Structure formats: structure tokens, C-alpha cells
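Below you'll find the structure, written out as C-alpha cells, and then a few comments.
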Amino acid sequence: MAGFLEERRRRMVALKGLRRGIPARGMAELAAGPSGAVAGGAPSLSSSTACPACSRDIAAADLAQNRLVCPYCGHHFALAARERIALVVDTGSFKETDRALATTDPLEFPGYVDKVRGLSRKTHLADALVAGTARIGGCKVAIAAMDTRFLMASMGAAVGEKLVRLVERAAKGRLPLVVFCASGGARMQEGAVSLMQMAKTTVALREFSQRGGLFISVMTNPTTGGVTASFASLGDVTLAEPGALIGFAGPRVIEQTIGEKLPDGFQTAEYLLEHGFIDQVVPRARMRATLARLLALYGREVERVG
């Protein structure tokens, strides 16, 4: 019994750590991929991690070397935003913008400021979105990634503003836009201000599209709530990582509401690909090459038209 409880405790610790980000051990191997390193590490874990999908133990170094993908079942673990960007951009090309942009606590929600400050110290992020410019396969892009370590990457005023600024920068520079989406939805501590970001980001992307801009949305696990109902679903091309949960409300909430059992795999990337909501499911190991190919095709079209 004692051994069983110790095993359960160890796995819970590992899973909590994964929700905070990527293991520090093996970080050098991860960052030394085609993209090079990006500043902003993540907390360390034990020397091995239990996969939440297949329950196999994975050495932290092996997990990092495999881009945080389980080598046994292919489960894609969460990635911190800067590490996710580092995996797809050309070495040393990423230049972060609006790094210090943070919430102003519009509702003076009790404990919110302290929570944000604590997460900022722990994650080295001002809020849940990292944005900037970079090159992918030699093509200059505007790029952003959401980080679930920061209040489950919920969208508040700072996230919405930073994304809109990036969209405007992309429009001005005639750059394609790539956004890695991951979110639990709207940020409850900001109330209606958070909900306003749905309209704000949607309008910005509509104007970007009207000016001929290319928006590639990459949905990762989980992409839910107001983010799914706004900018994440507006891509000219919509990609997703394998097994990603994508939807507005979660499956349990839907089942309780309609009183019916949902189909197997409902709201997974594969299910949504089959039903036409996304264009391609792309494993993490092929994401950089896939983006480079799409951007090259777009570049040729711009040259042909322009």
C-alpha cells in the first residue's frame, strides 16, 4: 500500500510540474535543435516523468531531446511559449516585442495582482503571450505563442493588446502571422474586459485579412473557451498538434448540458480534422518544416500577384 501511494504521489508531482512547463534537464538538447535557444527557462522536474497518456516512465533527457513528445505513444506535452517558438524559428532570429506589457488589474480583483506577480517571477513572463518577429525557413514572420503556465493562458487585456499590436506590426511590414494557440479561455479576474478581447482580436485579424495578410493558426492542447471562439479559429490555414483538445466548452460540460454521451475522440484535433474544422494535424517534429513550406508557397503567391 505504501508503495502504491508513493507512486501516486510521484506521478502527481510530475504532472503538476508539466503544467508549469518544460523540464530543465535536457534543455540544452531541446534548444540545440534547428531553431537554437531562446532565453527563459522553466522549472526542473525529477530525472523521469510519467506520460499521462500511456503511463510509461520517460527519462527527462529523452523527453527533452524528443521535443517533449512521448517516445512510446506520441503524447505531446505542454511547451513553454519561448521554447515552442525556439523549435520552429531560424537560429537567433527571434526578436521579442512588448515583452513588459502586463495587466493593469482593471477590476481590482482581490489577490489578482499578487497572483500575476508570483507567476511572472516563476515563469519570467509578463503575461500569457510571447510575441515578436523571426524567420522560419528564411521567411520573416510575426509570431506568437501562448503559455499555459500563466493562468492557463487565459486571455485578458494584456494578451489581447499584445496580439493586436503584433497583428498591426505584421500588416505594416507585410509579414505573415503565425500564432500558437493554447488557452483555458477568458480570464475571469478581468470580467467583461477579458470578453472584449474576443471582439478586439477578431476585428484586428479581419482588417489584416482584408489587406491580404496570411494568418496561420496552430492549435495546441488545450485550445478552448474565448480563444477558440475568436482569433484561434480565424486562420487562413489552421494546423493542430496531435491529440490537442479543441473546443469552446469542455466535453464534460457539454454532456451534462445535452444529457448525451459524446462520440469517442470528440474535440480532439483528429476528430476536428475529419469534420473539416482544421486543415492538418502536424506532429511537433514536422511543425517547422510544415510552416516553412506554407510560408514559401505564400511568398511565391505574393510575388506573383504583387
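One table, with the values for the structure above:
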quantity: Tally of residues being surrounded by 15 or more Cβ atoms within 10 Å (Cβ to Cβ), part of a loop (DSSP other than H, G, I, E, B) and on the phi > 0 side of the Ramachandran plot across the range 125-151; calculated: 1
quantity: Some residue of the range 53-65 being assigned by TED's automatic domain parsing to the domain that holds Asp147, of a type outside the set (D, E, K, R) and surrounded by fewer than 21 Cβ atoms within 10 Å (Cβ to Cβ); calculated: no
quantity: Pair list, Cβ < 6 Å and 6+ apart or interchain, from the range 169-185 residues that are of a type in the set (Asp, Glu) to residues that are surrounded by fewer than 24 Cβ atoms within 10 Å (Cβ to Cβ) and in a strand (DSSP E or B); calculated: none
quantity: Selection count where residues are in the same structural domain as Pro283 (by TED's automatic domain parsing), without any contact (Cβ under 8 Å) to a residue 24 or more places away in the chain and of a type in the set (A, V, I, L, M, F, W, C), scope the range 67-115; calculated: 1
quantity: Some residue of the range 192-201 being closer than 21 Å to Leu68 by Cβ and in contact with a Phe, Trp or Tyr (Cβ under 8 Å, 6 or more places away or on another chain); calculated: no
quantity: When residues of the range 159-185 are limited to those that are among the small types (Gly, Ala, Ser) and over 21 Å from Phe248 (Cα atoms), the one surrounded by the fewest Cβ atoms within 10 Å (Cβ to Cβ); calculated: Gly173
quantity: Leading residue by the ranking (surrounded by the fewest Cβ atoms within 10 Å (Cβ to Cβ)) among those in the range 186-211 that are touching a residue at least 40 places away in the same chain (Cβ under 8 Å) and small (Gly, Ala, Ser); calculated: Gly191
quantity: Subset of the range 55-97 [in a loop (DSSP other than H, G, I, E, B) and of a type in the set (D, E, K, R)]; calculated: Arg56, Arg67, Asp90
quantity: Identity of the residue in the range 75-115, of a type in the set (Val, Ile, Thr), surrounded by 23 or more Cβ atoms within 10 Å (Cβ to Cβ) and at pLDDT 95 or above, that ends up farthest from Met152 (Cα to Cα); calculated: Val89
quantity: Of residues in the range 236-247 being out of contact with any His (no Cβ under 9 Å at 6 or more places or on another chain) and closer than 25 Å to Val69 by Cα, the one surrounded by the most Cβ atoms within 10 Å (Cβ to Cβ); calculated: Ala240
quantity: Meets criteria (out of contact with any Lys or Arg (no Cβ under 7 Å at 6 or more places or on another chain) and among the polar types (S, T, N, Q)) for Ser183; calculated: yes
quantity: Leu272 vs. criteria part of a helix (DSSP H, G or I) and either polar (S, T, N, Q) or modelled with pLDDT of 95 or more (or both); calculated: yes
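The values are calculated or read from the model by the stated rules, or taken from the named source; none is laboratory data. Quick caveat: nothing in here was measured; it's all calculated off a predicted structure. Every residue, glycine as well, gets a Cβ built from its backbone with ideal geometry; the counts of neighbours run over all protein chains shown.
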